[in-house]
1. Report whether or not residue 223 is assigned to a loop (DSSP other than H, G, I, E, B) and under 30 Å from residue 164 (Cβ atoms).
2. Quick check on this structure: which one of 332, 311 is surrounded by 14 or more Cβ atoms within 10 Å (Cβ to Cβ), out of contact with any helix residue (DSSP H, G or I) (no Cβ under 6 Å at 6 or more places or on another chain) and part of a helix (DSSP H, G or I)?
3. So, in the stretch 24-49, exactly how many residues are surrounded by 13 or more Cβ atoms within 10 Å (Cβ to Cβ) and either more than 23 Å from residue 142 (Cα to Cα) or without any contact (Cβ under 8 Å) to a residue 12 or more places away in the chain (or both)?
4. In contact (Cβ under 8 Å) with a residue 24 or more places away in the chain, under 29 Å from residue 219 (Cβ atoms), surrounded by 15 or more Cβ atoms within 10 Å (Cβ to Cβ) and in contact with a helix residue (DSSP H, G or I) (Cβ under 6 Å, 6 or more places away or on another chain) - does that describe any residue in the stretch 59-66?
5. Being in contact (Cβ under 8 Å) with a residue 40 or more places away in the chain and closer than 19 Å to residue 177 by Cα is true for just one of 112, 90, 127. Which residue is that?
6. Mind listing whichever residues of the stretch 258-294 are assigned to a loop (DSSP other than H, G, I, E, B) and either modelled with pLDDT of 95 or more or more than 20 Å from the chain's Cα centre (by Cα) (or both)?
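The values are calculated or read from the model by the stated rules, or taken from the named source; none is laboratory data. Treat the numbers as computed from the prediction; the structure is a model and nothing was measured. FYI the Cβ positions are ideal-geometry reconstructions off the backbone, even for glycines, and counts take in every protein chain you see.
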């Protein structure tokens, strides 16, 4: 088993534990259960990994086993840093290739385990395969960010420069994409006789299932997560499509591959830098308002979620009573313990009315986390 799986699984459990601990400290309640990171890690990237595997085998995108070993090393280091701001797989992919290039350039020769690092032609088929894989994983990353990043954010209570309470939202997730890589040669089957392999002409190839891990961490402060992260995902997908085009040209002009992977690295860094710069000001999208109490988060399967309440909305009245604090909201809910009627100010400052039955097993504040 690849050590990436063990390290990433342990990290998913650790991240969930830290998030739950922080949410309970700040809001006396967790927003999502502690195993949600582990569940999303194992489930959400499987289909994309399968699609990339089919593309890899069908097109014949080959990479040397030495590159996969370096990729595993750098990916493990990235996971152990616990900060996924630079958790995109593109960083490990590019650094592993550059390391292999330096090894060839300096004509170094050494072994890691049973694998020898020497005479690897990085500007043959290697650069083509690496560029196409870099593009494919960027596109996959963008799709995962667009679909999942804004749905599982964690509110963080902070203080503004004026001493007011403000809410920043953290998306910290990572996904597993099990991917089949085509490896030229018979290095693995020499040690494991029953390892799957096939031949084309006089060349033998082997299939290796490798766990690609994509990490993502960003904060949304000046805007709500649903207004920030999907756009970021689109930018990453667009970058991947550009690199894919360069990768296809690399089939005929291999030297362009180096330009492609450097552009992928710099482009992904620029996207991260730009979003961090945009969200680092002292302006908050979710802060206390004089009109009522502001929602920081909504518990899953709660009356609040069923009423369509979302973070950033302001509750003005509960059961006909004006509320300005959490205590006033709780007292107003007791006016009718079996049913609640709310007057809510939405993100467009428009008033809407909503109501729902409240049952004994429901959260005593109908599933609301407040600023």
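1. Values: assigned to a loop (DSSP other than H, G, I, E, B): yes; under 30 Å from residue 164 (Cβ atoms): yes.
The answer is yes for residue 223.
2. Working: 311 fails: part of a helix (DSSP H, G or I).
The conditions single out 332.
3. 9
4. Going through the stretch 59-66, the residues in contact (Cβ under 8 Å) with a residue 24 or more places away in the chain turn out to be 59-66.
If we keep only those that are under 29 Å from residue 219 (Cβ atoms) as well, we get none.
Looking for residues that are in contact (Cβ under 8 Å) with a residue 24 or more places away in the chain, under 29 Å from residue 219 (Cβ atoms), surrounded by 15 or more Cβ atoms within 10 Å (Cβ to Cβ) and in contact with a helix residue (DSSP H, G or I) (Cβ under 6 Å, 6 or more places away or on another chain), one finds none in the stretch 59-66, hence no.
5. On the way: 112 fails: closer than 19 Å to residue 177 by Cα; 127 fails: closer than 19 Å to residue 177 by Cα.
From the options 112, 90, 127, the qualifying one is 90.
6. Initial filter on the stretch 258-294 (assigned to a loop (DSSP other than H, G, I, E, B)): 280-285, 287-288, 290-291.
Residues satisfying the conditions are 281, 282, 283, 284, 285, 287, 288, 290, 291.
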